[in-house]
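Working notes, structure below.
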Amino acid sequence: MKKNEGVNARMRRRKNYSGNVKSDKSHYNPALIKKQKEFYKNAKNIKKFKKMLKQQTEQTDPSSAQKLMIENDGAVMKENKGESEKRRNGLEELYRKKHEEKERERMEREAALMAKKEEREEAQARRKALRDKMLKKTRKGQPLMKYRIQHLLDTIQVSTQIKPSKSP
């Protein structure tokens, strides 16, 4: 490089050596575009065909070779109508079974929730009755000891029934 050379001249020279690759292919070529479309279309059809072959080998059914028909161009595959109806019926049966199972699970959850709700309401009713008894007062404003003593007796009896006797 020359020291006297200007910045613009250096930039022009650099552009010539490291030009953008895409800028070289800026012209419109319909034949190339057509080839690319055809290539991708063929690749897509080959992928479908290999997928169908894989499904056939998984089934290992000798009549599965008759399931597929090749169309006029020989690339696109179709299933027979009878097989598709059988598959549809199978899918409907599978859907129905799953739906019934989900419904059964939902009913079980709902029943469990109802049981918990009933237990909660019963416990709440018991606590309310106990609270009402404990808050009763005499005419002079003193608490009634009858219910308090009964409550203490009940709790002692329950605790002796639950705890096993400790004997060495």
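The values are calculated or read from the model by the stated rules, or taken from the named source; none is laboratory data. Predicted model only: the values in this text are computed from it and were never measured. In this analysis, Cβ positions are derived from the backbone assuming ideal geometry, glycine residues included, and neighbour counts consider all displayed protein chains. What goes into the accessible areas is simple: the full protein's heavy atoms, side chains included, and nothing from ligands, DNA or RNA. Shrake-Rupley method; radii C 1.70, N 1.55, O 1.52, S 1.80 Å.
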| note | Filtering the range 126-143 down to residues that are surrounded by 10 or more Cβ atoms within 10 Å (Cβ to Cβ) and either of a type in the set (S, T, Y) or assigned to a loop (DSSP other than H, G, I, E, B) (or both) yields L135, K136
| Within the group A111, A115, A123, which residue is under 32 Å from the mean Cα position of the chain (by Cα), modelled with pLDDT of 60 or more, under 30 Å from T155 (Cα atoms) and open to solvent by less than 70 Å² (accessible area, probe 1.4 Å)? | A115
